[in-house]
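Colleague: Structure below; questions to follow.
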Amino acid sequence: MKAKSLQIPSAGAVIERTVIERRELREHDVLIDIKYSGICHSDIHQGEGDWGDGIFPMVPGHEIVGLVAAVGPGVTTFSAGDRVGVGCFVDSCGECEYCLAGEEQYCKKGVVSTYNAMDYDGNPTYGGYSQNIVVTERFVVRVPDKLNLDVAAPLLCAGITTYSPLRHWHAGPGKKVAVVGMGGLGHLGVQFAHALGAEVTVLSTSLSKQEEAFKLGADHYYATRDPETFTKLAGSFDLILNTVSANLDMDAYLSLLRIDGTIVNVGAPAKPDTYSAFSLIMARRSLAGSLVGGIRETQEMLDFCAEHGIAPLIEVIGADPEEVQHAWKRVKQSDVRYRFVIDTAQLNRD
């Protein structure tokens, strides 16, 4: 099957129109007509070759929502017309201990990413900047009716990336949670932590987003450029969710944790962070990381959003290559509040 798409022909090249081939439906496959695809900063990192060797030409996009167009003969959970989504992964072995536990993202065989990867048959995967996608039904989630499709798209990466660690480290009543960064990830982390019942503090470089943070559920807001912030908040937090992809003064942030507190990194800076072991040892603190969530937890997150009225703040753009390229530039300049979403249905009309 052919699909009009947007591709990057080589690392750092300009986005251009193309037509790709999607596989024919297998027994357990779902064909999805993509309506919206969110722009994740990782699309830019991979398209520009920041994270090492990429597979080019590359069709980015792992925040995918649309409608089921057709299903294979063995599919039992979806039918034509269903509102569905696809996140960061499209296959795993399904047999290892992590897959069986619903943690497919840690598959021992190696999870197959939605794009910039090779599937188990040795074919490159292409993502959501496209008319359609074919995915095995295990990796398709249902979008609740209460969520608009355009709003649902960023939840498939930014949403689960912040929801999963907050759940895993038990953010909830009686817990003090800080969210570092009030961007595409952080503004969702604030909403999740608030809905889970935690006391939420935003730590951002400036006070420019303070009003929005309070509207989204933050209880407190501090500017990290003010050195008094770290003195005032020393030993305050049970959990710090670090959503930024820049290197931090990790010792300073570790000092904000209570005994047995944890910093969880979900941002991925290009260079390694450094810290003193004493920052951990002297207060039994932990430094951790988290990689999105499994399919079961992703569905749980979508249902949680529908129940609690959680949604990203988005700017919808067209599927013209120049418009998407400009959006990438604005993401790099932090000039978006807070996620771009491509109206990929426009590719059908071109």
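Colleague: Can you list which of the DSSP-assigned H helices in the chain have a Cα extent of 15 Å or more along the long axis and an average Kyte-Doolittle score of at least -1.0?
Modeller: Going by DSSP H runs, the hits are 158-168, 295-308.
Colleague: If we count other beta carbons within 10 Å of each Cβ, what is the order of Ser334, Ser255, fewest first?
Modeller: The order, fewest Cβ neighbours first, is Ser334, Ser255.
Colleague: Need the C-alpha centroid separation for the range 89-151 versus the range 270-322, integer Å.
Modeller: About 18 Å separates the Cα centre of the range 89-151 from the one of the range 270-322.
Colleague: Moving to a separate point now. Indicate, rounded to the nearest 5 percent, the antiparallel portion of the DSSP beta bridges found entirely in the chain.
Modeller: Bridges in the chain that DSSP calls antiparallel: roughly 55 percent.
Colleague: A follow-up question, please. Starting from the range 78-116, pick out the GluC sites (Glu not before Pro) whose DSSP state is loop and whose Cβ has at most 15 other Cβ atoms within 10 Å.
Modeller: Answer by residue number: Glu95.
Colleague: Could you sort out which of Lys146/Lys215; Lys209/Lys332; Lys108/Lys271; Lys108/Lys332 sit more than 29 Å apart by Cα distance in this structure?
Modeller: Violating the 29 Å limit, Cα to Cα: Lys108/Lys332.
Colleague: On to the next question. Cβ under 10 Å from Lys108's Cβ, Lys108 left aside: what net charge do those residues give with Lys, Arg +1 and Asp, Glu -1?
Modeller: Net of charged neighbours comes to -1.
Colleague: Pull out a ≥ b ≥ c, the square roots of the eigenvalues of the alpha-carbon gyration tensor of the range 159-289, then state rounded if a/c is under 1.5, prolate if not and a/b is larger than b/c, and oblate in the remaining case.
Modeller: It comes out rounded by the Cα gyration axes.
Colleague: Using DSSP to define loop residues, name the chymotrypsin sites (Phe, Trp or Tyr not before Pro) in the range 1-103 whose beta-carbon has at most 12 other beta-carbon atoms within 10 Å.
Modeller: Passing both the DSSP loop test and the Cβ count: Trp51.
Colleague: For His28, what charge total do you get from the other residues with a beta carbon under 10 Å from its beta carbon, if Lys and Arg give +1 and Asp and Glu give -1?
Modeller: With Lys, Arg at +1 and Asp, Glu at -1, the neighbours total -1.
Colleague: Order these by the 10 Å Cβ neighbour count, fewest first: Tyr120, Tyr338, Tyr275.
Modeller: Lowest count first: Tyr120, Tyr275, Tyr338.
Colleague: Search the structure for amide H atoms under 5 Å from the amide H of Ser236, placed 1.01 Å from N in the peptide plane, and list their residues when 5 or more places away or on another chain.
Modeller: Leu257, Arg258
Colleague: What GluC sites (Glu not before Pro) does the range 22-74 have in DSSP loop regions with at most 14 other beta carbons within 10 Å?
Modeller: Passing both the DSSP loop test and the Cβ count: Glu24, Glu27.
Colleague: Among residues other than Phe56 whose Cβ falls under 13 Å from its Cβ, what is the net charge (Lys/Arg +1, Asp/Glu -1)?
Modeller: Net charge in that neighbourhood comes out at -3.
Colleague: Hey, what number do you get for the chain at 222 nm if only DSSP H runs of n ≥ 4 count, each worth -39500 (n - 2.57), divided across all residues, to the nearest 500?
Modeller: Dividing the helical sum by the residues of the chain leaves -6500 deg cm²/dmol.
We did not get these values from a lab; they are worked out from the coordinates using the rules stated. Just so it is clear, the structure is predicted and the values come from calculations on it, not from any experiment. Neighbour counts are summed over all protein chains in view; Cβ atoms, including those assigned to glycine, are modelled from backbone coordinates with ideal geometry.
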